[in-house]
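The structure under discussion appears below in the form of structure tokens.
The values are calculated or read from the model by the stated rules, or taken from the named source; none is laboratory data. Predicted model only: the values in this text are computed from it and were never measured. For neighbour counting, all protein chains shown are included, and Cβ atoms are generated from backbone atoms with ideal geometry for every residue, glycine included. The protein model used for the area step is the full one, side chains on, heavy atoms only, and it has no ligands, DNA or RNA in it. Shrake-Rupley method; radii C 1.70, N 1.55, O 1.52, S 1.80 Å.
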Amino acid sequence: MKFATLLRKAPEWMIHDGPHRDIVLTSRIRLARNLDGSTFPGYARKDDRVALMTALQPKIESLPEMKDSFSEDLGNLDAIRKQALVEKHLISREHAAKAGGSAAVINREQSLSIMINEEDHLRMQSIRSGLDLRAAFAALDRVDTELDGLVNYAFDQRYGYLTACPTNLGTGMRASAMLHLPGLVLSDQVNQVITAVNKIGLAVRGLYGEGTEALANLFQISNQHTLGEREGDIIARLEKVIEQVIGHEQNARKKLLEDAPHKVLDHVGRAYATLCFAHILESKEALTHLSMLRMGCDLGMFPGMEAKLIDTLLVEIQPAHLQIGAQRKLNAEERDILRAEVLRRRLAGFPEPKTDVAAGPPPEDPPLI
Amino acid sequence: MFCDVCKQKKASVFLTQINKGEMHKVNLCEGCSKEKGVTDPLGFGLAEALQTFSHGEKIASQPQERACPACGMPQATFRKSGRFGCPRCYVTFADGLDSLLKAMHKDTRHIGKVPATAVAAAPDYTVKLEELRKAQEQAVADEKFEEAARLRDEIRQISEKVNE
Ligand SMILES: [Zn+2]
Ligand SMILES: [Zn+2]
């Protein structure tokens with residue numbers, strides 16, 4: 001598959017409707033693996049990295065799941081193309097910083113992506129729509145088992161899968177879900193929830209992972225420990241917590257509609273007006289408004305419109321996507337103008353928000369995690 | 001050799017003691033040793049003294065700057081970056097690893113998936129080495145020096161086998 005096809009095609013998770021799709025955008029599983037007897041990428045010499053990649057890439061391409069995949073040496077992709085893969089959550093920011101000697105193999109559905117020579121020899125990712133960590137894990141586990149028959153993994157009876165950083169040791173697994181939590185943010189409860197989630201050994205991060213801002217009211221919740229707990233147990237624990245956070249978000253939205261309906265209508269109305277009529281839009285502002293529009297969709301303020309369009313836009317208005325669309329490098333001001341133009345065009349025909357949304361029956365208060 | 005405390009007079013009292021698995025050496029002149037109450041080296045609280053003698057030479061029970069025989073990474077690099085150089089580093093730098101892992105993870109033992117290739121794999125040297133090191137430490141603490149020497153040789157043998 002060519003890069004242009006990859007970029008044009010919507011990933012499977014964006015089209016499908018997984019469980020709790022209104023609040024959980026995606027579920028992801030990442031496995032870190034290394035080859036026995038080989039120096040980790042961060043400490044290996046370049047020719048060793050290239051040799052390892054050259055040996056590994058065809059093996060990955062040969063897996064039935066990776067048929068007709070996009071497979072490329074990062075040395076052949078410019079910075080903007082690599083950034084676009086980050087924006088689509090197909091490779092990590094760390095991987096995008098790599099050049100020759102590192103590669104990415106991504107399947108047609110864009111549900112599986114395998115990074116060669118990231119921090120570890122292999123970083124494999126599976127992504128699903130909604131809250132569906134089990135399906136994401138099952139798909140990746142299959143790939144992992146198949147690869148196990150083709151290579152020798154670095155594994156220790158005591159420490160499990162050996163990784164460059166001891167924080168990934170053991171299962172090498174990071175399970176995460178991306179949650180849209182505007183209700184908790186608007187009602188000033190999100191920090192309480194984050195603190196509670198942190199206390200039980202789970203991490204909360206922003207839209208593009210470690211150290212990034214919580215743009216668009218999107219939060220990633222993931223496991224922090226990888227050693228001493230089974231994969232299935234990690235996933236079950238995470239799932240339970242996420243379901244509770246979903247409950248809190250639903251409650252927060254209902255309460256907002258009950259207690260301050262004008263505040264909600266104002267946020268959604270302003271977001272709608274800005275996105276449909278603005279001519280200069282910075283990324284952060286656009287993302288904030290898209291979040292409000294998405295919440296409006298969930299609350300039934302835009303009958304017939306699907307949150308999917310907004311999820312697509314969250315990616316389309318990112319800098320690299322804009323520049324590839326324009327087929328040239330754009331400075332920040334040019335990007336802000338193009339971003340507004342793309343949004344006006346894509347939201348043309350988006351109906352005005354309905355203002356007679358009911359709050360529904362008052363919610364019960366679930367325990368705070 | 002000069003005294004570690006006054007740095008002026010010739011040292012005539014030489015002390016060595018193992019503290020938390022690390023060997024410490026302090027050299028003192030006659031005057032300083034008397035001043036610090038070191039008349040009988042055995043009754044001398046060296047661990048405590050070491051904190052005051054900041055000049056005490058410190059030697060690890062294994063060479064201070066160990067490097068991984070497989071990838072060549074020195075221990076200092078791991079300490080700085082927090083990343084290992086290769087899978088073998090987990091054996092090379094096994095000392096103190098568990099306390100590090102304890103702080104990071106739920107436990108220090110893997111209980112998840114096991115690759116098919118590892119099921120029939122070679123004996124687990126990491127666990128074995130760790131047991132031997134613990135036994136050696138105990139032997140030293142019990143002053144069973146012959147036993148400690150025997151264990152040291154066994155550790156060396158296994159480490160060499162692992163590093164082949
Ligand atoms: Zn002296
Ligand atoms: Zn090494």
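Remarks
- Within the range A:169-205, the set of residues being under 26 Å from A:A32 (Cα atoms) and of a type in the set (D, E, K, R) comprises A:R174, A:K199, A:R205.
- Summed over the range B:105-120, the residues that are at pLDDT 90 or above and either closer than 28 Å to B:A67 by Cα or more than 8 Å from chain A (Cβ to nearest Cβ) (or both) give a count of 5.
- Note on the range A:213-237: residues that are crowded, with 21+ Cβ neighbours inside 10 Å and assigned to a helix (DSSP H, G or I) amount to 4.
- Condition met for A:L31 (assigned to a strand (DSSP E or B) and within 14 Å of chain B (Cβ to nearest Cβ)): yes
- Residue match in the range A:196-209 (condition: within 20 Å of A:L293 (Cα to Cα) and either modelled with pLDDT under 95 or open to solvent by 10 Å² or more (accessible area, probe 1.4 Å) (or both)): yes
- Inclusion of A:S71 among residues that are among the small types (G, A, S), surrounded by 19 or more Cβ atoms within 10 Å (Cβ to Cβ), outside any helix (DSSP H, G or I) and in contact with a helix residue (DSSP H, G or I) (Cβ under 8 Å, 6 or more places away or on another chain) is not warranted.
- The set of residues in the range A:270-284 that are within 19 Å of A:H180 (Cβ to Cβ) and open to solvent by less than 80 Å² (accessible area, probe 1.4 Å) comprises A:A271, A:Y272, A:T274, A:L275, A:S283.
- Residue in the range A:177-185 that is more than 18 Å from A:E239 (Cα to Cα), more than 7 Å from chain B (Cβ to nearest Cβ) and free of Cβ contacts under 8 Å to residues at least 40 places away in the same chain present: yes
- Selected residue (only one of A:L140, A:L150 is assigned to a loop (DSSP other than H, G, I, E, B) and hydrophobic (A, V, I, L, M, F, W, C)): A:L150
- Residues in the range A:39-54 include none that are within 21 Å of A:A216 (Cα to Cα), away from every other protein chain (no Cβ under 14 Å) and crowded, with 18+ Cβ neighbours inside 10 Å.
- Scan of the range A:102-137 for residues that are within 14 Å of chain B (Cβ to nearest Cβ) and more than 16 Å from the chain's Cα centre (by Cα), ordered by number: A:N117, A:E118, A:E119, A:D120, A:H121, A:L122
- Considering (1) without any contact (Cβ under 8 Å) to a residue 40 or more places away in the chain; (2) touching a His at 6+ places or on another chain (Cβ under 6 Å), the lone condition that A:D47 does not fulfil carries the number (2).
- Scan the range A:307-321 for residues that are open to solvent by less than 10 Å² (accessible area, probe 1.4 Å) and closer than 18 Å to A:M295 by Cβ and the total you get is 4.
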